[in-house]
1. Using heavy-atom solvent-accessible surface (probe 1.4 Å) with all chains present, what is the largest-first order of Asp250, Asp282?
2. Explain nothing, just the number: dipole magnitude of segment 412-475 about its Cα centre with +1 on each Lys and Arg Cβ and -1 on each Asp and Glu Cβ, in debye rounded to the nearest 20.
3. Among Val50, Ile180, Val37, whose Cα lies farthest out toward the positive end of the dipole of the chain, if unit charges sit on the beta carbon of Lys, Arg (+1) and Asp, Glu (-1)?
4. With an 8 Å Cα cut-off and a minimum separation of 6 or more residues, compute the relative contact order for the chain in percent.
5. Evaluate E = 1/(1 + (r/R0)^6) for Ile131 and Leu48, where r is the Cβ-Cβ distance and R0 equals 30 Å; express this FRET efficiency to the nearest 0.05.
6. Give the average over all directions of the projected area of the C-alpha convex hull of segment 223-310, one decimal, in nm².
7. Which one of Gly240, Leu469, His122 is farthest out on the positive end of the charge dipole of the chain, using unit charges on Cβ (Lys, Arg +1; Asp, Glu -1) and the Cα centre as origin?
8. Keeping all protein chains in position, work out how much accessible area His132 exposes to a 1.4 Å probe, and write it in Å² to the nearest 10.
Amino acid sequence: MKYELVVGLEVHCQLNTNSKAFCGCSTRFGNPANSNVCPVCLALPGALPVLNRRVVEDAVKLGLATGCAIAPYSILARKNYFYPDLPKGYQISQFEEPICTEGMLQIDAGEGSRDIRLIRIHIEEDAGKSIHDIGDDTYIDVNRCGVPLLEIVSYPDIRTSKEASAYLQKMRQIVKYLGISDGNMEEGSLRCDANVSVRLFGDEEYGTRTEIKNMNSFKNVEKAIEFEMQRHIDVIEAGGAIVQETRLWDADKGETRSMRGKEFAHDYRYFPDPDLVPVLVDQEMLERMRQELPEFPEARAERFVREYGIPAYDAGVLTVEREVADYFERAVAACDDGKTASNWVMGEVMRTLKEKYLDISEFAISPERLGGLIALIAKGTISNTIAKQVFELMQADAASAEEIVSKEGLAQVSDTGAIEATVDEILAANPKQLADYREGKTKLFGFFVGQCMARMKGKANPQVVNDVLKSRLDA
């Protein structure tokens with residue numbers, strides 16, 4: 001291909017503060033339309049905004065996590081434009097003096113690590129929501145007006161749609177690890193606009209860019225960029241010229257469509273907001289935010305390998321989500337067996353979460369209870385097979401694994417006499433298989449083990465069964 005894709009992303013991260021950026025209204029998602037409002041976010045005459053301190057702290061945390069320079073002095077500006085869901089007629093944002101600048105995000109889209117540079121991270125407020133799918137009218141819900149956002153703007157360093165998706169996933173992972181956002185793209189907590197252009201390989205100058213909006217999943221980001229790249233190439237190859245504009249992504253049709261001409265910065269007539277004082281970040285705040293940074297996935301995965309003796313692959317899976325990593329560590333603390341805990345979290349726990357569409361915070365089995373179950377396996381109280389039965393029962397019963405095993409009579413049978421009697425019964429009931437085994441078909445050993453375990457309803461100690469069978473078959 002003779003054309004090179006050039007992409008820069010603008011990511012809007014909605015912060016999970018309890019109140020809005022400049023007033024005390026709730027930020028709770030899903031409340032009745034137009035109920036999270038007050039004179040400030042409705043822009044009523046005489047209402048004055050006051051900056052939420054938590055917004056500044058979250059911005060500093062994200063800046064530190066992405067290697068940005070943190071400005072000791074920054075200002076809030078008015079970005080002037082008219083939309084029906086923006087009551088003030090302007091948005092409070094930052095322009096000339098943002099709080100974070102010149103950072104970097106390392107990504108891996110399957111072809112090795114690459115550094116994507118960040119131009120800036122700045123504070124701004126969200127606009128409301130226009131609802132077009134109720135009859136022929138458009139309705140306005142201003143609950144979202146004033147909800148705090150961080151806008152993260154990258155340099156045009158991205159060269160493939162998969163890199164764009166990897167960048168967005170990594171950014172989501174970081175904000176979730178920091179605890180500043182839930183990163184929920186479906187609810188709009190994390191939104192992405194892509195600035196897309198193409199140029200001939202080897203060219204230094206960038207082509208004319210278009211901005212794509214309305215992408216609410218990683219897959220849609222990839223599809224929209226790929227579509228827009230091909231559209232640019234088709235227009236250029238046909239002798240046309242790309243128009244700088246904003247386009248909407250239509251996921252149902254799998255295409256972008258023109259929305260409006262793309263504005264330039266001067267079109268917004270930015271100027272400092274006279275109602276808001278400058279944002280000051282002193283050394284004390286900077287150090288406090290630095291101390292509050294979590295252990296990030298890469299470092300945590302390395303520690304898991306070192307401390308718990310689990311494979312690097314397992315550690316990578318367990319640290320993708322902070323909540324899963326926390327769950328795993330608490331389970332290990334309860335059973336002191338990192339590898340077995342890793343197997344259970346990656347296996348039964350994640351399978352259940354996927355099947356039931358649950359977040360791990362909603363999972364019925366606490367990590368301490370899971371650790372108790374694993375400890376019973378290690379002590380030989382139950383087998384792995386019985387443990388899976390107990391695991392299912394624990395999802396509907398708040399009792400400990402030990403209590404459930406006792407109540408249901410699921411303790412493992414290690415009595416040699418009982419197992420010998422069962423083995424003798426199985427061998428007597430399968431004379432052909434016994435003869436075949438003794439003629440050299442040793443793979444039938446597994447058949448006899450299975451028959452014994454089934455006869456004893458999975459309660460027999462597998463090691464004792466193996467030992468007794470071997471003794472009998474080799475006699």
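The values are calculated or read from the model by the stated rules, or taken from the named source; none is laboratory data. Everything numeric here is computed off the predicted structure, so don't read it as measured data. With ideal geometry, Cβ positions are generated from the backbone for all residues, glycine too; neighbour counts draw on all protein chains shown. For accessibility, only protein heavy atoms count, side chains too; no ligands or nucleic acids. Shrake-Rupley method; radii C 1.70, N 1.55, O 1.52, S 1.80 Å.
1. Sorted by accessible area, descending: Asp282, Asp250.
2. 240 debye
3. Checking the options against the dipole of the chain, the answer is Ile180.
4. Working: 830 pairs, mean separation 63.5, N = 475.
Value for the chain: 13 percent.
5. On the way: r = 29 Å, r/R0 = 0.98.
With a Förster radius of 30 Å, E is 0.55.
6. Details: hull surface 53.6 nm².
Reported value for the Cα convex hull: 13.4 nm².
7. Going by the Cα projections, it comes out as Leu469.
8. 120 Å²
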